[in-house]
Amino acid sequence: MGSVSNTTIFDDGRIERLKEFLTPDELYRDLIERVLKYHPSDDISLIENAYRIAFEAHKTQVRKSGEPYIIHPLYVAIILADLELDKETIVAGLLHDVVEDTVMSYDDLVNEFGQDVANLVDGVTKLEKLPQFHDGDNIRLEMQAENLRKMFLAMAKDIRVILIKLADRLHNMRTLQFMRPEKQVEKAKETLDIYAPLAQRLGISKLKTELDDLALKYTKPEVFDDLVNQINARATERELFVAQIVEEVSKHMEDAHIKAEVKGRVKHFFSIYKKMVKQNKTLDQIYDIFAVRIIVDSVKDCYAALGVIHEMYTPIPGRFKDYIAMPKPNMYQSLHTTLIGKNGQPFEIQIRTYEMHRTAEFGIAAHWKYKESGSGEAAASAEAKKLSWLREILEWQQDNSDNKEFMGMVKNDLDMFGDSVYCFTPSGDVKALPSGSSTIDFAYAIHSAVGNKMVGARVNGKLVNIDYVLQNGDRVEIMTSQNSKGPSRDWLKIVKSSQAKNKINAWFKQEFKADNIQRGKEMLERYCKAKGIDFTAINKPEYVEKALKRFAYLEWDALLASVGHGAIKEGQIINKMVDAYEKKMQREMTDTTLLETLNDPNRVTVAPAHAKSQSGIVVKGIHDLAVRFSRCCSPVPGDEIVGYVTRGRGITIHRTDCVNVMNLPEIERSRLIDAEWQENIADQKDAIYSAELSIFANNRTGILMEVTRVFTERQIDIKGVNARINKQGDRTTIVVSFDTHGVDELNYLMAKLRQVEGVLSIERTTG
């Protein structure tokens, strides 16, 4: 039941702080008492052994405060015990500094305490070795902080490693007064940027609350002191106000037969400060410095209690939040409602179950507790169970907030950020690279000039091969030389990042530009010779200009270089130049000449050699006439076709089912002429033809990407895409323009597109 006014419980949500300057033995006894409270087994031999070894290992060391060093691991273990963590985590907390600071090795830990404890200690030790966080430009600072948070998670394959590290940081922050002022500020900023957000993402408010407040105390001491003084000045008045509400609420809960625990809640200083800054308000304007929390047995009781509360007090519209139905990404659940008290003072009430309260306080740590069993063995039983729970939790995580980023990364057996590796420059900057990256990738991540002049690398102070695969937390130093001849083509086989590949390719393009120009020119001439095209005839400024415009180049040499290193196919350029040449030739032929030729009874069916090689069309009865393909129906080899004599532009080839041909006026039908594809045109792999498909599909997210993927998998270049949605928003039409070799390829492509989920029908453009 709730408490009455003279015994109101004020819950600050923090881990209990012990008196300072207690002896190691006093702290050890306190630790054992705390462990036995939630772990009723008498089997504490593992903890006893860990304390003995830690005491011995640290016996010659002292802290900055002058206390024996063993005090620190004892306090860390006590904080972990307050989070009710398993025995292995408590032991690892006691031993977390022994490998780093003493002669004890990893193998010694395995032999003495088993693989689980050794891995936890090793994980914490690795995190200890990370360089200090450096202040700087604000944007860079935020990126650094995020990358470091990611690194912590990537390096800790077991979440308990992070929990030990957070407990370690909390005790260091509690004793920060013994450090130099500049060190105090540095540690506090690091805590604010990295450790407190980590605690929040893991849902451990007990740790986050105190880390935030301690960080504020040292980063903004004037603000902190002023805030403390202001809150303390009116503490009695606020406590009486909250006590009255607690008494009223407790009575109404009792009358409604709802078993409930009612407490006053103290908002922590950092939270108040953030709210004041964000809302630009003074302390007097912040109404939820103190609030009331109702803890009940079941979800049903939560909503029943809410009904009672809303009957007692007037709720403020828009200030009700149901985090039970829609939990926060860090697992937090509660009902929040803001009400008007009888004196007109607004206040907040939170309603949750005991299970929700435990999760809000302990977060992920809540799920490493011991089970109440006769043997007293750890509830963890198997890592698989923990991970199974985590994966279940994540199934409903659809929030787009910052926390989604973290929680989504727990999915693969806690192998978070598995697709990335995080390494340091000598100055302490973090570089994120694809997993499997080498020192070459790292060099190009710094700057292309560093990569191009690279001659070797040191990792963690040791020389390594340039194909060394980087690990999380590596400190990498790139060695350069002005005498370097540049990257090797073999590097392209080693690097993982697209950034490095692009920069290496760019270097080769620039370095061998003259060679590529010559090679490109030779490739064009060879192509023309093979196709029976007179290169001299088409290699004129007016035709060259058309090719430059088509491929968006300013200089002919640059276009030749692109052909030389393989960026553009020679056939594409020649076809454009031939097209420009033929258009000019066509303009010299009049309608009269053309029609006279058509009506000549003695005409013969001939197709000139160049027309065949370029268009693949045999036009019956016409000699030496330019042929072009209509854009309205885009015929390709295998289609039934017909020719249309145009005014001043030779003959245009249409599909026989083209709408424009079928709807020709009678007077215009005299211009139609028989045409057919030349033999074996389908076998000419270099010949490409424009085509266009209209795809009708149900509108959904990702449909366009899946459609284009079909083209990519067939290595078909898309020339243009146009997508539009109907007024109802449920249907989409996607029109794709591309090059193809013939109707067989087109039919195969259409069959593949029909397999895409949501595609209803596919049509070729018919005019």
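FYI, it's all coordinate maths here, none of it is from the lab. Predicted, not measured: the structure shown is a model, and the values here were computed from it. Cβ placement follows ideal geometry from the backbone for every residue including glycine, while neighbour counts extend to all protein chains displayed.
Quick rundown of the values:
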{"read-out": "Gain upon complete extension [Leu554, Glu112; 0.36 nm per residue less C-alpha separation]", "value": "151.8 nm"}
{"read-out": "Shape box of segment 689-764 [Cα atoms, principal axes, largest first, Å]", "value": "37, 20, 18"}
{"read-out": "When each of Lys251/Lys321; Lys485/Lys529; Lys509/Lys576; Lys462/Lys513 is checked by Cα-Cα distance, pairs over 30 Å", "value": "Lys485/Lys529; Lys462/Lys513"}
{"read-out": "D (Stokes-Einstein, µm²/s), Kirkwood Cα radius, segment 229-367, 0.692 mPa s at 37 °C", "value": "208"}
{"read-out": "Cα gyration tensor shape of segment 512-585, rounded if a/c is under 1.5, else prolate or oblate by comparing a/b with b/c", "value": "oblate"}
{"read-out": "Principal axes of segment 457-556: Cα extent on each, largest first, Å", "value": "64, 26, 23"}
{"read-out": "Computed label-point distance, nm, for sites Thr646 and Gln499 using a 7 Å Cα→Cβ extension", "value": "4.9"}
{"read-out": "Leu22/Ser45 FRET efficiency (R0 25 Å; Cβ-Cβ; nearest 0.05)", "value": "0.60"}
{"read-out": "Relative contact order (%) - segment 420-510, alpha-carbon pairs under 8 angstrom, separation at least six", "value": "33"}
{"read-out": "Distance (nanometres) between label positions extended 7 Å along Cα→Cβ at Glu477 and Lys752", "value": "5.1"}
{"read-out": "Spatial separation of Cα centroids for segment 545-570 and segment 70-88, in angstrom", "value": "69"}
{"read-out": "Relative counts (whole %) of C-alpha pair distances in segment 163-205, using bins that are 5 Å wide", "value": "6, 23, 32, 23, 11, 5, 1"}
{"read-out": "Ellipsoid semi-axes in whole angstrom, largest first, where each is sqrt(5λ) of the Cα gyration tensor of segment 420-510", "value": "19, 14, 11"}
{"read-out": "Potential extension, Asn460-Asp730 segment - 0.36 nm per residue separation minus Cα distance", "value": "91.5 nm"}
{"read-out": "Relative contact order %, segment 512-585, counting alpha carbon pairs below 8 Å whose residues are six or more apart", "value": "47"}
{"read-out": "Gyration tensor (alpha-carbon) shape descriptor, segment 58-107, a/c threshold 1.5", "value": "oblate"}
{"read-out": "Segment 229-367: relative contact order as a whole-number percent, Cα under 8 Å and 6+ apart", "value": "22"}
{"read-out": "Neighbourhood charge, 12 Å Cβ-Cβ cut-off, centred on Gln499 and excluding it, Lys, Arg +1 and Asp, Glu -1", "value": "+3"}
{"read-out": "For Phe362, Phe711, order by how many other beta-carbon atoms lie within 10 Å, fewest first", "value": "Phe711, Phe362"}
{"read-out": "Linear extension gain, Asn280 paired with Glu522, 0.36 nm per residue minus alpha-carbon span", "value": "80.0 nm"}
